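For reference, the structure discussed in these notes is given below.
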């Protein structure tokens, strides 16, 4: 088993970037402990507040956001952070060379039922010509990411991380308190028979997605000629982790349930970092019409449709959209 820093040094990763990643993971270890305490720590349930997304905040949402924000800004090498739980970017050191975006607790609705949740993060280069509190700092395509990852709080606490040279999985060793490398080179199988989607929204999807999923459900008797199994965790971090481990396709497509919000997932806090991880593991990621990491953001809380996972299955899905 190898520790985080030596592996990244072998990749030639900047020592300041390694230090920043380790700080993020220190915050995640504290979040992991609080999650593990559950009701004993008094952190379950909702607050009376809503975030910028119009969603009721869970107590753990607020706790995780404050831990990450405070610890990241204390490093002195971060110019600003942007969080799913914050209306606006929060300025750090004006001379900092990094930006950090994060979803402090993805799938937080699962906390009250003791199911999978996680923290998703992305690191971008700061723009020297822009002020630290200028939201334009963050309007960079996903291809500009220097690193991305998530920490999954499950039976074991695991880290998925990429710095652009493949995707690796680490497991938190609570004996000494560090993340140990447990999968050195993640490779997503290109062919799969598993899909993940919220079927309750089926009637609201575009015709292309309706037909694609209908053909999956027809199994061997349908045009795909094989049976598919559906898996749905209701936390993107859990569904993507399964894809990294054994393949599959995850979809949160465009829908018409709320015409003002045709997309669910946030580009900067969820779609871009997960796309980076998946692509570095040999998978594909798209909106159905364009590569996610090529999108030029127009707003820090921008949302997009997401289709990602095993390359062959993503390509199959895209054929329905092209038709």
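The values are calculated or read from the model by the stated rules, or taken from the named source; none is laboratory data. The model shown is predicted, which means the values in this text are computed figures rather than measured ones. Reconstructed Cβ throughout: ideal geometry from the backbone, glycine too, with neighbour counts over all protein chains shown.
Observations on the structure shown:
- Some residue of region 216-226 being in contact with a strand residue (DSSP E or B) (Cβ under 6 Å, 6 or more places away or on another chain), in a loop (DSSP other than H, G, I, E, B) and not assigned by TED's automatic domain parsing to the domain that holds residue 165: no
- Qualifying residue in region 275-298 (condition: in contact with a strand residue (DSSP E or B) (Cβ under 9 Å, 6 or more places away or on another chain), touching a residue at least 24 places away in the same chain (Cβ under 8 Å) and over 19 Å from residue 310 (Cα atoms)): yes
- Residue 25 being at pLDDT 90 or above, closer than 23 Å to residue 154 by Cβ, assigned to a helix (DSSP H, G or I) and under 18 Å from the mean Cα position of the chain (by Cα): yes
For every residue, the table says whether it meets (1) buried (at least 22 other Cβ atoms within 10 Å of the Cβ); (2) more than 19 Å from residue 312 (Cβ to Cβ).
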position	(1), (2)
254	no, yes
259	no, yes
264	no, yes
269	yes, yes
284	yes, no
292	yes, no
296	no, yes
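- Strands (runs of 3 or more DSSP E) contained entirely in region 228-323, each with at least 3 residues that are closer than 28 Å to residue 113 by Cα and in contact with a helix residue (DSSP H, G or I) (Cβ under 9 Å, 6 or more places away or on another chain): 249-252, 306-309
- Scanning region 63-93 for residues that are touching a strand residue (DSSP E or B) at 6+ places or on another chain (Cβ under 8 Å), surrounded by fewer than 19 Cβ atoms within 10 Å (Cβ to Cβ) and either assigned by TED's automatic domain parsing to the domain that holds residue 301 or modelled with pLDDT under 95 (or both) yields a count of 0.
- Meets criteria (crowded, with 16+ Cβ neighbours inside 10 Å, closer than 30 Å to residue 259 by Cα and under 16 Å from the mean Cα position of the chain (by Cα)) for residue 147: no
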